[in-house]
1. Provide the gained length on full extension for the span Lys178 to Leu5, in nm with one decimal, where the gain is 0.36 nm per separating residue minus the Cα-Cα distance.
2. Need one number: nm distance between label points at Ser165 and Asp271, each 7 Å from Cα along Cα→Cβ, rounded to one decimal.
3. Per DSSP H run of at least 4 residues, take -39500 (n - 2.57); add these up for the chain, divide by its residues and hand me the 222 nm value, nearest 500 deg cm²/dmol.
4. If each Cα of segment 129-283 is one equal point scatterer, what is log10 of I(q)/I(0) from the Debye formula at q = 0.11, 0.21 Å⁻¹?
5. Aspartates and glutamates near Lys254 by alpha-carbon distance under 15 Å, same-chain residues fewer than 8 away left out - which ones?
6. With 10 angstrom as the radius, rank Lys221, Lys154 by how many other C-beta atoms surround their C-beta, starting from the fewest.
7. Would you grab the residues whose amide H sits under 5 Å from the one on Tyr129? Only those 5+ places off in sequence or on another chain, please, with H modelled 1.01 Å from N.
8. Please list 3J(HN,Hα) in residue order for segment 123-134, calculated via the Karplus relation 6.51 cos²θ - 1.76 cosθ + 1.60 where θ = phi - 60°; whole Hz, with x for glycine and proline.
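Just so it is clear, none of the values below were taken in a lab; they were calculated from the coordinates. Because the structure is predicted, anything quoted here is derived from the model rather than measured. Glycine gets a Cβ as well: all are built from the backbone with ideal geometry, and neighbour counts include every protein chain shown.
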Amino acid sequence: MTKKLTTWVEVPPQSDFTIYNLPYGIFTTVDRSPRPGIAIGDQILDLRELMRTGLLDELGMPLGVFRKELLNDFIALGKPVWTRFRNRVIELLSEGNEELKPHAAQVLVPQADAEMKMPVHIGDYTDFYSSKEHATNVGKMFRDPENALLPNWKHLPVGYHGRASSIVVSGTPIHRPKGQTIPAGTDKPVFGPSRLLDFELEMAFVIGRETALGESIPVEKAEDYIFGMVLFNDWSARDIQKWEYVPLGPFLGKSFASSISPWIVTMDALDPFRMENYPQDEPVLSYLESKEPHRFDLNLEVAIQPDGGDENIVTRTNFKYMYWNICQQLAHHTVNGCNVRIGDMCASGTISGPTPDSYGSMLELSWRGQNPISLSDGSERKFIQDKDTVVMRGFGKKGDIRVGFGEVRTKVLPSN
Ligand code: MN
């Protein structure tokens, strides 16, 4: 049971950034260089300024750790330090604590005045395929409706190595990718802008502890290697993907961009939303057996906003629909001795729920374009159009405790 917490910082009702959350990000303002911060209400707690107050001295953290423009060095201090630091920040922000209050003007920055940057250097990015509903839907569409899941699917968390260099933070526009596609009924490819640009609603975890080459992470220890999570839009060009993916898997249909929410929500903050693992109906090999609860009840939604228009929610789903949990994913990722490094990102794969209004991609929502979605301005969408903005949001709620991810918001520009 989480202790009841209140803060002297004003937190609007329905804010994602309550005192139970305290997510980490990198921000700038006109008068401040990029630096680490923690979101609280509509404010950012400037960690570089917080360090200068001396109120963290008792923790014995390296003085330069918040002079960095990325969170990797802070994350490298390790889980006991993350937890001690978090507990100290909770103490300083708590109602009744007077230590930090006199420094409020120096350490608190309105989020409205700040621009968010990439929170970590991402050395490697892996994308899984762990929602049974999503994998089943795609299998039905492109393969055999009777055998939608391939024989390996319930025995291992299927994944592939993605492209880290093209992961961008919320607010960064992307260009529609160009590439080879194969027109229906022909056998010769053509080159041009993708016509089937899609989002994939995913969540991603950030590696918080490195391993040596040859080392494997046991499934029940895997959370010790995870710093926190973000929302992840794994942009996909379905027409490019369909032509190129055989036999080695996704390539240019995926590597042109992925977008993340700027605030990393820690595993400590997500703890209240923990639930029993997804009931797996096929026995797994022992290195994948996960008995402790590593599944999380997090509400997710996606909106499409046409240029100059209103937002339209096109799907509502939940992170709990993951068949494979994050610890099984990381155990599998490293079972061959593949090493992980701080800041590496592992995305869940598209998260689809059981009903057609809870699917995590336009491919599924429009069922390959057969059932266009109507928007409030009278237009229709089978896939994403130029100048559309796609917004993903997510939060957990349990009793009085609300912990959210903010949003990942991306505008699609025409091809270069
Ligand atoms: Mn994906």
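1. 57.3 nm
2. It works out to 4.0 nm between the two label points.
3. -4000 deg cm²/dmol
4. Debye intensities relative to I(0), on a log10 scale: -0.58, -1.49.
5. Asp124, Asp127, Asp198, Glu200, Glu202, Asp234, Asp239, Glu244
6. Lys221, Lys154
7. Hits under the 5 Å cutoff: Val158.
8. Values, residue by residue: x, 9, 10, 10, 10, 8, 8, 9, 8, 5, 5, 5 Hz.
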